[in-house]
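The values are calculated or read from the model by the stated rules, or taken from the named source; none is laboratory data. Values in this document were obtained by computation on a predicted structure and should not be read as measured data. When we count neighbours, we look across all protein chains shown, and the Cβ atoms used for this are built from the backbone with ideal geometry, even at glycine. For accessibility, only protein heavy atoms count, side chains too; no ligands or nucleic acids. Shrake-Rupley method; radii C 1.70, N 1.55, O 1.52, S 1.80 Å.
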Amino acid sequence: MASALDALVWRSRLIGEEASLGLFGGGNTSTKARQPGLFGEPEDVLWVKGSGSNLKACEARHFAPLRRSPLRRLSARRAMRDEEMVAFLERCLIDPKAPRPSVETLLHAFIPQRDIDHTHADAILAIANTAHGEALARKVFGNRLLWIPYLQPGFTLSKRVYEAYQRRPTAHGAVLQHHGLITWGPDGK
Ligand code: ZN
């Protein structure tokens, strides 16, 4: 059976090969797994794409493993500056040689669903970048996708998505105004 990381790499390449999902730049993917810690005890880990690599040609070494327990606690905070967030994420790394985790890591960390994909999909931006984006998104997706008003990527956006998810945990994802799409589920499919 393929490991959680192998499955993540496979899925990420499928997304990366689809130019209309990533032309706008990047996108990132993640999975959550329980794996043996230093003494063989089970540890909850978030695997998330590192910054500076392309989904299309990604390999296992382009993903960063982070401890989930401090990331879960972080969602209780009200605010966090970018530099502080980057330093915090680096301290959560299980492997010090891993690439620097994406600046959008907390989007993946706070939502408790196992598999999460974030893209800047053309089709979504065609809706989310218009004056009536919110009304259009509701018309097209109904209650399946949440609508998140524009915020720069970082702690506050991640927390806003998490709060919207908590209010409606049956949603499959969220449209981020002027930014893209995030989808989640119990498996990569
Ligand atoms: Zn993004």
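Matching residues to (1) within 19 Å of Arg68 (Cα to Cα); (2) buried (at least 21 other Cβ atoms within 10 Å of the Cβ); (3) at pLDDT 95 or above:
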{"site": "Leu107", "(1), (2), (3)": "yes, yes, yes"}
{"site": "Lys139", "(1), (2), (3)": "no, no, yes"}
{"site": "Pro169", "(1), (2), (3)": "no, no, yes"}
{"site": "Leu176", "(1), (2), (3)": "no, yes, yes"}
{"site": "Gly185", "(1), (2), (3)": "yes, no, yes"}
{"site": "Lys189", "(1), (2), (3)": "no, no, no"}
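Among the residues making up region 98-124, a single one is under 18 Å from Gly52 (Cβ atoms), in contact with an Asp or Glu (Cβ under 8 Å, 6 or more places away or on another chain) and more than 15 Å from the ligand (Cβ to nearest atom): Arg100. Of everything in region 43-61 that is more than 16 Å from the ligand (Cβ to nearest atom) and without any contact (Cβ under 8 Å) to a residue 40 or more places away in the chain, the residue that is surrounded by the most Cβ atoms within 10 Å (Cβ to Cβ) is Asp44. If you take the residues in region 13-42 that are in contact with a strand residue (DSSP E or B) (Cβ under 6 Å, 6 or more places away or on another chain) and more than 16 Å from the ligand (Cβ to nearest atom), which one is most open to solvent (accessible area, probe 1.4 Å)? Checking each candidate, the answer is Arg34. Among residues that are of a type in the set (Lys, Arg) and assigned to a loop (DSSP other than H, G, I, E, B), Lys139 is not included.
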